[in-house]
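Beneath this line is the structure, given in structure tokens, with notes to follow.
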Amino acid sequence: FYEHTENYNLLFYLENLVASQKQPPEIRTQYFDIYTSALLAQINLMGQALRPSPVTTSSSQTIADVLDYLNGNLTENITLDQLAERFFISKHYLNRAFKKATGTTVIDYLIYKRTLKARQLLYNGYSANDACLMSGFGDYSTFYRAYRKTFGCGPLQDMKH
């Protein structure tokens, strides 16, 4: 809901947070804690300095409802058309409002959340194929491409860490 967030380098902090998970196990937790704290401090700083972009209350609530629905149904087959029908808005408006509120499209958000879930499953000892299915991807090739795009490496490389 904020404008000009690029001035706060949130992507830098997020990338470091993700990269912290590739550290050796003995220091991974320490790096994760440090980068999480840094990211939260930066978000707090940004929140104090910036005013929210003007978004209508109903639009804001709809996007919050969509986010809740997406997070609660990650493993379901979700399309923009289904979301638009479910929330009684056009898919074009939904995608525009969602991007304005979150900085990403609905589908990119869904893919990102699914890859995060898959990575967690891999770290917990699940096979790449099981992580693919349990995180909501329809097929392994789509999962592999999304995973590689999100994290810069394939799921099998992450399994070794």
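The values are calculated or read from the model by the stated rules, or taken from the named source; none is laboratory data. This is a predicted model, so every value here is computed, not measured. Here the Cβ is made from the backbone with ideal geometry for all residues, glycine too, and neighbour counts use every protein chain on show. Accessible surface is based on the protein model in full, side chains and every heavy atom, while ligands, DNA and RNA are left aside. Shrake-Rupley method; radii C 1.70, N 1.55, O 1.52, S 1.80 Å.
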- Estimated FRET transfer efficiency (Val18, Phe88; beta-carbon r; R0 35 Å; 0.05): 0.50
- Query: Accessible area per residue of the chain at 1.4 Å probe, in Å²?
  - Reply: 62
- Note on the structure: Bounding extents of region 66-161 in its principal axis frame from Cα atoms, largest first in Å, are 44, 21, 21
- With all protein chains present and a 1.4 Å probe, the order of Lys100, Lys91, Lys149 from largest accessible area down is Lys149, Lys100, Lys91
- So how do Ile107, Ile63 rank on accessible area, 1.4 Å probe, biggest first, that is with the largest at the start? Ile107, Ile63
- So what is the relative contact order for region 94-161, in percent, with contacts set as C-alpha pairs under 8 Å and at least six apart? 28
- Ranking by accessible area, most exposed first, for Met134, Met46 with a 1.4 Å probe: Met134, Met46
- For the chain, what's the relative contact order in percent, using C-alpha pairs closer than 8 Å and at least 6 residues apart? 20
- Task: Can you tell me how much longer the chain between Ala41 and Met159 gets when fully stretched, taken as 0.36 nm per residue apart minus their C-alpha distance, in nm with one decimal?
- Result: 39.4 nm
- Query: If Lys and Arg each add +1 and Asp and Glu each add -1, what is the summed charge of the other residues whose beta carbon sits under 13 Å from the beta carbon of Gly152?
  - Reply: +3
- Query: Kirkwood Rh over Cα pairs of the chain into Stokes-Einstein at 25 °C, 0.890 mPa s: D in µm²/s?
  - Reply: 142
